[in-house]
1. Which value in Å does the Kirkwood hydrodynamic radius of the chain take, with 1/r averaged over all unlike C-alpha pairs and then inverted?
2. Counting only trypsin sites (Lys or Arg not before Pro) that sit in a DSSP loop (anything but H, G, I, E, B) with at most 16 other Cβ atoms within 10 Å, what is the longest stretch of the chain containing none of them?
3. Given 0.36 nm per residue, what is the gain on full extension from residue 106 to residue 5 after removing their alpha carbon distance, in nm?
4. So what's the angle, to the nearest 10 degrees on a 0 to 90 scale, between helix 169-178 and the longest Cα principal axis of the chain?
5. About the Cα centre of the chain, what is the dipole size in debye to 20, counting +1 per Lys and Arg Cβ and -1 per Asp and Glu Cβ, all else neutral?
6. So if I take the alpha carbon set of the range 4-58, get Rg, then get Rh from the Kirkwood formula, what is the Rg over Rh ratio?
7. Sequence gap at least 6, Cα distance under 8 Å: using those rules, report the relative contact order of the chain to the nearest whole percent.
8. Quick one: grab the alpha carbon gyration tensor of the range 145-203, order the square roots of its eigenvalues as a ≥ b ≥ c, and give me rounded if a/c is under 1.5, else prolate or oblate depending on whether a/b is larger than b/c.
Amino acid sequence: MFTKAEQHLIAATLQQRANWLHKNLDNPDLSANKAQNQTTLEIIEGALAKLNEALKASAPVAKPPKITGAQRRQQMEPHQIRVLVVDDDEIIASLLQALMQSIGVKYVDVAPDGLKGISMLYDADPVYDLVLCDWHMPIKTGIDVHNAMRAAERYLDTCFILVTAVTEAKQIRAAIEEGVDDYIVKPLEEQTTVRKLARHFPKLSIPAGNTPLGVCPTDADENLQSGD
């Protein structure tokens, strides 16, 4: 069996011979051998066709360029996004889950604490595309959850956003330096929250109003009218 390099060399040699025969087929000095040269040319061209097919079939298939996590998120439709909400505040967790579903995200899981969140991250298949995680929780903090997630290679591209009441710039900066992608400040407002999420998942639609989560527009209007 010939190696690929040998096949290339044979093909090049046969091609040179075929070129010479083409050029000299009607040469008067070689007229006596014209029939033989024609037969030889046909044999060579047949062999070349087989060789080229073999070389083409054995050529490595070019792999499509690998896209980054950020590039992948640019293309994701809301219904394709898999979300994990980690928060020990059941009300906040439920509000975030309802918000995600209201903007077309169908797959939203909830973990009641950081330890359970880490367990769900490791057990998930396929992985989560977005993690919305409270910062200050008992047992495991949001930073603990983030670091445990990033320790798994398959989660290197997952978007991790802290949901927190912390507003001190120094603490926020330290979290970003840890590798956290973004943060959302409590109390949560619908439009502000979705706008933050849309930075990372541009196909999410931003609602027209900016209503505090858990308060419907009609309730807000009534409160304003009553002076509450």
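Derivation of every value follows stated rules applied to the coordinates shown; laboratory data play no part. Since we're looking at a predicted model, the values are computed, not measured. Cβ placement follows ideal geometry from the backbone for every residue including glycine, while neighbour counts extend to all protein chains displayed.
1. Across the chain, the inverse of the average 1/r is 22.6 Å.
2. Between exposed loop sites, the widest span is 107-202.
3. Difference between extended and current length: 31.0 nm.
4. 30
5. So the magnitude is around 1480 debye.
6. 1.08
7. Relative contact order of the chain: 15 percent.
8. Taking the square roots of the gyration eigenvalues as a ≥ b ≥ c, the range 145-203 is oblate.
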